[in-house]
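Structure, as structure tokens:
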Amino acid sequence: MVMSKTVLISGGSSGIGFTISRYFANAGYKLLWVSLLKEEITAATIQLQNEIPDCEINSVVQDLSLSNAAQKVYDWIQENQWNVDVLINNAGFGTYGFINDTDSERELNMIDVNIINLYKMTRFFLKDMIAINKGTIINISSNSSFQPTPKLSTYGATKSFVNHFTRSVNEELKMQNSNVKVICVCPSAIKDTNFKKAGKMENVKTFNGLAATTAEEVAKDVWNGFIKGKSFIVSGWKMRMLYRVSGMIPYKVQQFLVRKEIKEVH
Ligand SMILES: NC(=O)c1ccc[n+]([C@@H]2O[C@H](COP(=O)([O-])OP(=O)(O)OC[C@H]3O[C@@H](n4cnc5c(N)ncnc54)[C@H](OP(=O)(O)O)[C@@H]3O)[C@@H](O)[C@H]2O)c1
């Protein structure tokens, strides 16, 4: 397989990142992964190369909550003289609970990964893409960005940042007649990734609720949206339907439904 293009995916070795990797690898992209856990990267690399023998994967272990993480990732790319055609800022996690009960250190760590790192990575790679007038950045947000999310207050707020920032930057690119695109993806709650376990949300109703989806459906939506040149992707067909009619649902009713969805069920 001739590797003509390169995609850099944070959190590429698990969940949505891994499932999206499969689509890009099948299309002949070289994969560059940045994740936290070495063993997980090793296992994921073996799995994907068994599925797609010609696929090339290069990876680096990096804690993306550290203030110099984006610089280190950028330096790794420069040292290896890779051109990043597509950057997917996917790494992220959530915390669950009433704000007075959640661990503030963990939440600050989440802000560092979900906001600060995504912001810095976008700036580093966007600059180079603008210089050659080519490239795509895909930022993974969440349906939690659409409305107030009790018990996910800080997580939802980090994803609201991702939405606002990504969509605004994409408008700036249009104003500059640039060929570079920045895509915002809002997946619904996903049943089958590590996200809910990592955030101690295994019993939260939404992961089996109204609009729950799977990593495969999200990856397919991202790939199709990328190919079609979309700039905003609401992922999961049930969430897409709800999103379309949400403007007609009174705020009080929306929040009543959100409070139900966000409860733990035993
Ligand atoms: N699952 C959902 O319901 C849902 C819904 C909407 C949006 N999202 C968003 O989708 C994205 C992917 O989540 P997922 O569902 O695929 O869950 P996941 O399997 O837990 O994936 C999260 C990825 O982020 C990486 N990561 C987390 N903290 C990191 C750090 N400090 N440094 C480096 N990498 C770090 C993880 O790396 P390691 O595995 O190596 O730790 C992992 O690969 C996240 O941004 C999440 O907010 C998820």
Name the residues in segment 185-219 that are in a helix (DSSP H, G or I) and more than 24 Å from THR122 (Cβ to Cβ), would you? LYS196, LYS197, LYS205, THR206, PHE207, ASN208, GLU216, GLU217
Name every residue in segment 7-48 that is open to solvent by 20 Å² or more (accessible area, probe 1.4 Å), within 20 Å of GLY92 (Cα to Cα), touching a helix residue (DSSP H, G or I) at 6+ places or on another chain (Cβ under 9 Å) and more than 8 Å from the ligand (Cβ to nearest atom), in order of residue number. ARG22
When you check VAL86 against the structure, is it touching a residue at least 40 places away in the same chain (Cβ under 8 Å), open to solvent by less than 60 Å² (accessible area, probe 1.4 Å) and touching an Asp or Glu at 6+ places or on another chain (Cβ under 9 Å), yes or no? no
Consider LYS238 carefully, then state whether it is closer than 22 Å to GLN147 by Cα and either among the charged types (D, E, K, R) or in contact with a Leu (Cβ under 9 Å, 6 or more places away or on another chain) (or both). yes
Between ILE116, ILE111, ILE140, which is within 16 Å of the ligand (Cβ to nearest atom), touching a residue at least 24 places away in the same chain (Cβ under 8 Å) and under 13 Å from the mean Cα position of the chain (by Cα)? ILE140
Within segment 72-80, is even one residue within 13 Å of the ligand (Cβ to nearest atom) and of a type outside the set (Lys, Arg)? yes
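Yes or no, residue by residue, for (1) surrounded by 14 or more Cβ atoms within 10 Å (Cβ to Cβ); (2) within 23 Å of TRP223 (Cβ to Cβ):
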{"site": "ASN50", "(1), (2)": "no, yes"}
{"site": "GLN62", "(1), (2)": "yes, no"}
{"site": "ASN68", "(1), (2)": "no, no"}
{"site": "TRP76", "(1), (2)": "yes, no"}
{"site": "GLU79", "(1), (2)": "no, no"}
{"site": "ASP103", "(1), (2)": "no, no"}
If you go through segment 192-213 one residue at a time, how many are touching a helix residue (DSSP H, G or I) at 6+ places or on another chain (Cβ under 9 Å) and near the ligand (Cβ under 10 Å from one of its atoms)? 12
Unique match (being open to solvent by 10 Å² or more (accessible area, probe 1.4 Å) and modelled with pLDDT of 95 or more) among ASN208, ASN133: ASN133
Looking at segment 166-184, can you tell me whether even one residue there is assigned to a helix (DSSP H, G or I), surrounded by 21 or more Cβ atoms within 10 Å (Cβ to Cβ) and in contact with a Phe, Trp or Tyr (Cβ under 9 Å, 6 or more places away or on another chain)? yes
For the list (1) touching a Gly at 6+ places or on another chain (Cβ under 9 Å); (2) in a helix (DSSP H, G or I); (3) surrounded by fewer than 20 Cβ atoms within 10 Å (Cβ to Cβ), I need the number of the one condition that PRO148 fails. (2)
Residue among MET239, MET201 that is surrounded by 21 or more Cβ atoms within 10 Å (Cβ to Cβ) and within 24 Å of HIS266 (Cβ to Cβ): MET201
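The values are calculated or read from the model by the stated rules, or taken from the named source; none is laboratory data. Since we're looking at a predicted model, the values are computed, not measured. For neighbour counting, all protein chains shown are included, and Cβ atoms are generated from backbone atoms with ideal geometry for every residue, glycine included. Just so you know, the surface numbers come from the protein's heavy atoms only, side chains and all, with ligands and any DNA or RNA stripped out. Shrake-Rupley method; radii C 1.70, N 1.55, O 1.52, S 1.80 Å.
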